[in-house]
Every structure is written in C-alpha cells, then in structure tokens.
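Quick notes on the structure that follows.
The values are calculated or read from the model by the stated rules, or taken from the named source; none is laboratory data. Since the structure is predicted, the reported quantities are computational estimates derived from the model, not experimental observations. Ideal geometry is used to build each Cβ from the backbone, glycine not excepted, and the neighbour counts take in all protein chains shown. The area values use the complete protein model at the heavy-atom level, side chains included, leaving out ligands, DNA and RNA. Shrake-Rupley method; radii C 1.70, N 1.55, O 1.52, S 1.80 Å.
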Amino acid sequence: MATNSNLPRRIIKETQRLLSEPAPGISASPSEENMRYFNVMILGPAQSPYEGGVFKLELFLPEEYPMAPPKVRFLTKIYHPNIDKLGRICLDILKDKWSPALQIRTVLLSIQALLSAPNPDDPLSENIAKHWKSNEVEAVETAKEWTRVYATGA
Amino acid sequence: MDSEDEMSMHDANDAESLDDDFYSGDGADSDEADITMDYEFIDNDSDDSDDFPSHHRSQLNYTVLGEADILQRQEEYITQVSMVLSISRIAASILLRHYNWCVSRVNDEWFADEEKVRRVVGLLEYPVPLPDAKEVTCGICFEMYPCDMMRSAACGHPFCVTCWQGYMSSSINDGPGCLMLRCPDPSCCAAVGQDMINALALREDKDKYKRYFLRSFIEDNRKTKWCPAPGCEFAVDFIVGSGSYDVNCRCSYSFCWNCTEEAHRPVDCGTVAKWILKNSAESENMNWILANSKPCPKCKRPIEKNQGCMHITCTPPCKYEFCWLCLGAWSDHGERTGGFYACNRYEAAKQEGVYDEAEKRREMAKNSLERYTHYYERWATNQSSRQKALADLSQMQAVHLEKLSDIQSQPESQLKFIIEAWLQIVECRRVLKWTYAYGFYLPEHEQAKRQFFEYLQGEAESGLERLHQCAEKELQGYLNAEGPSKDFNEFRTKLAGLTSVTRNYFENLVRALENGLSDVDSHGACSRAASSKSLGGGSSKARGTRGKAAASKSSSSRMDDSGHWSSSLLWKNLVSDRPAGAVMKLADTVKTMLDVGLPVGHILGQMRTEGRWKDATR
C-alpha cells in the first residue's frame, strides 16, 4: 500500500523490535493493510484485579508520529477508573507529556502499569472512580468480575 | 438566557479576586517603576500626535509601546539580568520568561536558591558534552549518525538535526508553550533556548518563535497589555494602582486597561462585562460558547472539553489545573476534600440556596427584558452616533477644515475650536453610552440615586445634543457660505462655549458616577431638596480643585481664542447659582414630559442655553 511504502524508518525499526523482543505481557503487531495500525494485547498484571485477563487494544500512529503521540484505546471492556466505557485512556504521556523520545513500547508499558495502579484521583470514568474511592474492596471485585466475563476465554 | 446572569456575576467576581491574588503575588518592583520612567518621552510623543481630550492628561499613568520599544526593553531586561547573575543572555531570557519578565523576581529567586531555580527552569550549571563515540543513535529516529551530525541541549542527550527540527516545529506550531521547550528525553528537563532554535529550526518556525518571544514580554508581564483594537500592534505599559484605567493608544483607540474593553469610564469593569455579555448573549457564537465551554478559572479563556477526564490543564502559558465540575483548583481535590467526584462545593452551594437564587434571577431577567430594551436602544444609538461623529471628525480634518479656512478667510490654526468640539462630542457619546449600562444596573429601589443619576444624565445629554447640533448643522451654514460670514466669530464663541459647558456637564456626571452617587447617600437620601443641594455642594468642592487645571489648560490651549471667560465661571452661572429648588423643578418637569412621551433633551437644552447661558457669555 502507498501508506506503507513511505513508512518512516523509525516506525519500521520500532515494529521490528516489538516483534523480535516483545515486552513481557505485551504483544503488538501491525495490521497488514496499514502498518501504522497495531493490534495490541496486554496481559492483566499479576496481583491486580485484571490478573488472568487478556485485554485487546488498538494503537494508531498518526502522520505526525513521533512528534505527536500515538492514539490508543481499549477494545476489551474493562472496569478501571482511568479508562472510560469507550476504552479511552487518561494517561499524561498520551497527551501533554508526550515526547518524541518515547515509543510504542514505553506507551504500552505505561498502560500496563496503569492496570497495576489505578489512580481514582485523576479519573476518566466518574462512576467507577467514585466506586473505587467509596468502597475499594467492592470495586476491585467488580473489576475482577468484568475481567472474568469480558477478558478471558475469548 | 438563564445562566448568563449567573455566569457574568461569577466572572466579574472572579476577575476581581483573581486580580487581587495576582497582584499580591510580588510587591517588589520599584526598580521596574524606575525603568518605566525612562520611557516617559514616548508619552509626550503620543500626547502631541493624538490630541484627545483626556481627563488625566497632565498625569499619564501609562506608556504606549511600539515593537521597537518592546524589543529595546526586552534587551535591557536581558542585559540587566545577565550582568547581575553573570549568566549568558540566553539563560537570562529563559529565566525572565519563566518569572514573567519581572527582573526583581528573577533576582530574588536566584539569590534565594540558585540551585532550585536552575532545576525548575532547566538551566544546567555544568553542560554535558555529547557522547564520546564515532557514531551515536538519535533518540527519536533511531538512526546512527556521526557525532558531528548530532546536537544536544546542555544535558548532552543527542538527537539528529532533522529530528530536532521536527521536534521544534511541532512545539512551535502548538503555540507559545514552545518558549518553555525542554530536551526531548522524557527523563530530562534541560531547557532549549533561542540559540538552539535559531541554529536548528526552519526559517518560518524561527520567525514564529521570535513572535511568541516578543508577545510573551507583553502577555506574561502583568504590567503590560496589547491594545485590543483590530490590527493595532501597540502595547500599553500601565502603572498599576495609579487611578483611572482608561488609556489612549497611539492608534487612537481608547480602552480600559483593566478589562481591555473599550474605554468605559465612569462605569466599572464588572458592569461593562455584564452588559457586554448580556448584549451578545443572543448571538450564535456566545450561545455556543456558553453551552459548550467554561472559562478557565484563572486566565478566563473559554475551554471546550471534548474528551477526557475532569482534570483540566489549561494550555500554556497558563497551565492552570482545575476540576471541570466545580472549576476549583485541582490541588484542592483528592483525599482531603473527599475526592473530586463528591465536589462537595456543589452540595454545599445547593444547601446554601445558591441555586434557588439563580432561579429567582432567571425570573427577574424575564421581567426586565423590556427595561433592558429601553437601555440597550439608548446605548446602541449613542454608539452609532459616536461612530458617525468619528467619521465626521476625520472628514472635518481631511477636507472641511481647509475649505472653511478658504471661505471664511481664517487661518486653520484659528479653527482648532471645531476639532475640539468634535473630539468632545466623540468622548461624550462614549461616556453617555456607558451611562446607559450603568443606569440599567442601578438598583430600582434606590429611588434617590436613580433620580439624581437621571437628572445628571439628562443634563449632560441635552448639553451634548445642543453641542452636536451646533457642530453638525450650524457649521454647515458657514461651510456653504459664498464668502466670509460676519457672525463667524460669534459662532466660534458659541461652539467653544458649548464645548466647554458640555465638558463640564460630563465631568460632573463622570465624577458623580465614580463616587457611586455617594452625594445622595451622605445626605440621608430621600429629601429631594437635600439631594439637589448636595449636587451643588459636591460639584463646587470638586470644582475647586479642578478649576485650576481647567483654567490653566484653557489659557494655554486657547491663547488665540477671542473668548476670555473661564469654563468654571460658566458652569457656576448655569447650575450652582440656581436655587436648589429650581434644579429639582427642572428635573420634575423632565420627568412629567418623559411620562407623556415628549422629547426633553432639546427643550431642556433650549431653556438652559437661551436663558442663563447667554447671560453668562455676554
């Protein structure tokens, strides 16, 4: 495809590295039609309510990448205070803290870390954050339940 | 419609409280005041070229700055800081920008804790050289390059020239935040200065950066603002806390330095903001903005929230972090307040009945629509009348004055009184216009104040009508004449007299409104005779101080005029010698006539000018 033929060297290198030495618990592979579009899977981190789940995400590198951040979104439903029902993620490095020296790998590692450490003080999904702060035990249970229902076996 | 009053109230309050915070931030800029003094010659220049009737002409509390002046000042500040702190000019400019171009603040912070300042601003004391290798990998494009193709900030993180260029370009095109550019390495905060921009960025990006750098000097400095007139490139440096906010830019636009709306003395900024919002509330744009955005609680720029969380960070240079729901500072949210989502201010506000209040206000707004229309029409008419007068004034200066000088065989220098009359008309239309906004917000239950205000406004208005008519219609006769008119000198006396009388009426009105009509208060309000007396008393006192200025001014500016009366004498004959009862009778007549729908301004003007005024001038 035309879009793929003039792919910047950086994207090609990043893709090669992602495929040859994937980060633990993370896989990202480019779509065949569009090398800027990645299918991503993140394993729920151990000792988190998402443990045992496999979460699908989509990641897209806009034309301006790496000067502009990639666009990332959860496709699997997830109960998390920083992720809304459309799968959008509240993460500073995806917005104003983006730096061109960051990479797909660092972004995905940050998202994985966000699963281990939800931050209800800077929430995207109001109701979930409220739940998290008023009754964390119960919220964690819901997150586990959602993980079981939506993120396993599929 | 409903939220607009709340919104404006809230804005006005906030603006004040924020300003307070802002100004109380640092008090030590006496040294900057000195710098301002050095530029006084600019005042004089502008004063000569724009001969506007300014109320505070003798003591200008502001300086108009052109681009060259701004650059020169910027250079001086940078030189000063770089010399005092023994740092490079680039480092000095980074520091100055960070501390909003306040030299004393830079000095204070630096000498209090240099290490901390260096860390915050990103100035490394010991630059790190590029890695000592033949080839290095660029941290952005991942290509290997020989060392001489690589550049780094003082931190030594190497990136290739092309990637630097792209990095700078995307930052510069994102807005003025590029002035705070840091090394692209996410773990590093080393500042990237203008020297690197100049060495590496594309030409058009360099130009944009330069522009932002210049703008920053005006926009981040709390003592300076751009003139808001479209296309005007001047800025105004204002001595904060020095009285009237009205400033005349060198482009001839006059505006309020505090709120940057058109000059609106004697009406205060809050009233003006409310009024302007009210007027534009009907427009599509404003509706959209009100419905879809909230103003940043700090810098007031409207923010549209199109996605993301409640934690909003305003765009640089403001960068204020706040909660979208309650507009409170984000730092107040979290565990201590029971979490953002509780936003207990909302609950508290509801309990206090703030929302019921809003409901009531909404109801009242509906009822006052007719009242509003009354004031709006008069406001708008004076606005268009002023526009027309401005056009007439320039026509007069460009064409008619020369023609008149030919016909009447008068040197143009002898015709200055006509220009002065027109300038006075323009200024009075502006004041009069704003008094209608004032009148709209004057509480209805304050009967005595309302009456006093309407009396003063009526006096001023009819005086202005008379003056405007004389300058417009009667002058036409002399313009159309075949040759010199015998009575031209009389016309001169009349027009100059009307100009002066009208100026006095308006000064009286402005003063009374600026005092919040306090003359009424101090006399226990309700008695009519008392309130009219206080008019006489109050104005004669003020006249005492102002009379001197007026007299000396008129003697200098009217050396060549035949009139030798002083304006304060005229005024005395007009108002203060009239028994107090008579003044109020006049007001009563006006009121009756208004009730029956008769035009008053004209008749009132007639009575005044043809009765007492003639006596005074002959």
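Of the residues making up segment B:56-76, just one is closer than 15 Å to B:Ser216 by Cα, without any contact (Cβ under 8 Å) to a residue 40 or more places away in the chain and surrounded by 14 or more Cβ atoms within 10 Å (Cβ to Cβ), namely B:Asp69. Taking segment B:208-259 only, how many residues are of a type in the set (Gly, Ala, Ser) and part of a strand (DSSP E or B)? Within segment B:208-259, residues that are of a type in the set (Gly, Ala, Ser) and part of a strand (DSSP E or B) number 2.
Taking B:Ser93, is it of a type in the set (Gly, Ala, Ser), out of contact with any His (no Cβ under 8 Å at 6 or more places or on another chain) and more than 25 Å from B:Phe238 (Cα to Cα)? Spelling it out, it is not the case that B:Ser93 is of a type in the set (Gly, Ala, Ser), out of contact with any His (no Cβ under 8 Å at 6 or more places or on another chain) and more than 25 Å from B:Phe238 (Cα to Cα). Against the list (1) within 11 Å of chain A (Cβ to nearest Cβ); (2) assigned to a helix (DSSP H, G or I); (3) out of contact with any strand residue (DSSP E or B) (no Cβ under 9 Å at 6 or more places or on another chain), the condition B:Asp174 fails is (2). For segment A:104-113, the count of residues that are more than 21 Å from B:Asp185 (Cβ to Cβ), touching a residue at least 40 places away in the same chain (Cβ under 8 Å) and surrounded by fewer than 19 Cβ atoms within 10 Å (Cβ to Cβ) is zero.
Yes or no, residue by residue, for (1) modelled with pLDDT of 90 or more; (2) more than 14 Å from B:Leu513 (Cα to Cα); (3) basic (Lys, Arg); (4) open to solvent by less than 20 Å² (accessible area, probe 1.4 Å):
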site: B:Asn382; (1), (2), (3), (4): no, yes, no, yes
site: B:Glu402; (1), (2), (3), (4): no, yes, no, no
site: B:Gln410; (1), (2), (3), (4): no, yes, no, no
site: B:Leu415; (1), (2), (3), (4): no, yes, no, yes
site: B:Ile419; (1), (2), (3), (4): yes, yes, no, no
site: B:Gln424; (1), (2), (3), (4): yes, yes, no, yes
site: B:Phe452; (1), (2), (3), (4): no, no, no, yes
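Within segment B:109-158, being part of a loop (DSSP other than H, G, I, E, B) and aliphatic (A, V, I, L, M) holds for B:Leu123, B:Leu124, B:Val128, B:Leu130, B:Ala133, B:Ile140, B:Ala153, B:Ala154. Per the conditions (1) buried (at least 19 other Cβ atoms within 10 Å of the Cβ); (2) within 14 Å of chain A (Cβ to nearest Cβ), the sole criterion not satisfied by B:Arg182 is (1). Could you look through segment A:39-62, keep only residues that are aliphatic (A, V, I, L, M) and assigned to a loop (DSSP other than H, G, I, E, B), and pick out the one that is surrounded by the most Cβ atoms within 10 Å (Cβ to Cβ)? The qualifying residue surrounded by the most Cβ atoms within 10 Å (Cβ to Cβ) is A:Leu61.
Within segment B:104-114, being of a type in the set (Gly, Ala, Ser) and open to solvent by 30 Å² or more (accessible area, probe 1.4 Å) holds for one residue alone: B:Ala112.
Scanning segment B:226-255 for residues that are of a type outside the set (A, V, I, L, M, F, W, C) and open to solvent by 50 Å² or more (accessible area, probe 1.4 Å) returns B:Pro228, B:Pro230, B:Gly231, B:Glu233, B:Gly241, B:Gly243, B:Tyr245, B:Arg250, B:Ser252, B:Tyr253. Looking only at residues in segment B:123-159 that are away from chain A (no Cβ under 14 Å) and crowded, with 20+ Cβ neighbours inside 10 Å, the one that is farthest from A:Arg17 (Cα to Cα) is B:Leu123. Kindly provide the set of residues from segment B:99-151 that are over 30 Å from B:Cys318 (Cβ atoms) and of a type in the set (D, E, K, R), ordered by number. Within segment B:99-151, B:Asp132, B:Lys134, B:Glu135, B:Glu143, B:Asp148, B:Arg151 meet the criteria.
With respect to B:Trp101, is the statement that it is aromatic (Phe, Trp, Tyr), surrounded by 20 or more Cβ atoms within 10 Å (Cβ to Cβ) and outside any loop (DSSP other than H, G, I, E, B) true? No; evaluated as a whole, the condition is false for this residue.
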